[in-house]
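Contents: one structure, followed by commentary.
Each reported figure results from applying straightforward, stated rules to the coordinates on display, with no laboratory input. These numbers come from a predicted model, not from an experiment. All Cβ positions, even for glycine, are placed from backbone atoms using ideal geometry, and neighbour counts span all protein chains on display.
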Amino acid sequence: MMMNLKQLKYIIPVVAAALLTSCNIYKKYELPENNAIVNDYARAAQATDSTTLAHLDWQQVFTDPQLQSLINRALEANTNLENARQNVVMAQAQLKGAKLSYLPSLSFNPNGGTASYGGSHMNWSYTLPLAAQWEIDVFGKILNNKRKAQVDMEQAQDYQHAVRSQIICGVANTYYALVWLNEQLVLTRNTAEIWKEQCETMQLMKEAGRVNESAVVQSRANYYSIMANIPDLEKSIAQMHNTMSLLLNTYPQTWPVSSSLDFELPDATQSDIPLYYLAVRPDVRAAERGLASAYYATNIARTNFYPSLAISAQGGFTNLLGSLITNPGKWFIQLAGQLTAPLFSRGRNIAQLEAAKAQQEVALNNFEYAVLAAAADVSDAMVSINKADEKSLYLQQQVEQLEKSVEYTEELMNFGQSTTYLEILTARSSLLSAQLACLANKHDKASALISLYQAVGGGY
């Protein structure tokens, strides 16, 4: 319905009445207060501590120069991170568009024409209009669209940070997995060389009549068993190099790594992890902003029940006055107000509002789960670190005792004592198993330390 601006006074009571019932539409998002998990998160989010593990730059955590070089390459080339960056760019553009919705729209639509009747030509008619239309945000539709675009952009940034953290820690995990596999390979090859020498010794002892053929056969069998592990390790190493190549967005190749599994987080971080660590995790913050976005989407659905008010203006130069063509042309201006109220779409609007409310509940559940999952991640990592330290003491003692056992057993047999070749085989097999277990435990601890750094939101 088009009306003169003087007539706008008649719609003021309608608008005022609608405003009385639309107060919640203008309310800014706040965390729900009747939820224990959300309340814990809210309190944690208010705490600040720039000395936490999450605030340590990744270069302070991963000090190995080779690892740092690989992480830098991954941050420059990883496809997933680049996609996350582009998602932020798109969200920023959408936010800019939402902010520009407050401004009037302008259009320039010149037109002209002539006609011929019975061989007679009429004069050319023309209109050079400039039109402007401005939607007045009486019921907060534009406001909520802008607020939603803002949190969507912040959510995209959080996801970018989460992807960045995943890549940094993913490269670190792959790096130390390579170190672990390489150390296993070195240990296995060294053990195989010892077994090869043992086979030769057994052959000489058989020729001297000190052992029978069974001892020689058994020693060879153990040697071949150890050698059979080498291809599996080499295959795993090659696959891990391929994983690293994929993280760095390049073709498969071999990457240089350190020769030590010794990795520790800064000493200042070896303490219990408070809840506010979780509040800085990018995936948790993204989940909260998903809840905020759903809240504003619900408000937008509510605005569909209220009328919209727009003011339009048109002015320009024309020689067309009704059905008459006059020359020279004259300036003209038109002002109008438009009130559009939904009449026959209430059922559809109700359905859309119900869907928006349901999506808001889903977003709340996702946020709760994100907080609990973050807490579980931190707890798992802390337990793994503590138990790896505890296990390391026993494994190291076991290795030391088995080294002595191998030494004593071989000495006894060399001196013709009652020790048999089976005891030697058992002692050496046990030693190899214990050494491999030590390496695995070191790798488990390194992996747990990396997981802890990621679990508290570090790496961005």
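Couple of notes before you dig in:
- Debye intensity ratio in log₁₀ form over the Cα atoms of the stretch 344-407, taken at each q of 0.19, 0.22, 0.23 Å⁻¹: -0.82, -0.90, -0.92
- About the Cα centre, charge dipole magnitude for the stretch 346-441 (Lys/Arg +1, Asp/Glu -1 at Cβ), debye: 720
- Here the stretch 55-80 and the stretch 359-418 have alpha carbon centers that stand 26 Å from each other.
- The stretch 137-264, relative contact order in percent, only Cα pairs under 8 angstrom and at least six apart counted: 31
- With 18 Å as the limit on Cα-Cα distance, the pairs of Lys99/Lys357; Lys148/Lys357; Lys196/Lys404; Lys206/Lys404 that go past it are Lys99/Lys357; Lys196/Lys404; Lys206/Lys404.
- Computed over the stretch 161-257, the P(r) curve from all C-alpha pair distances, binned at 10 Å from the origin, holds 15, 31, 21, 15, 11, 5, 1, 0 percent per bin.
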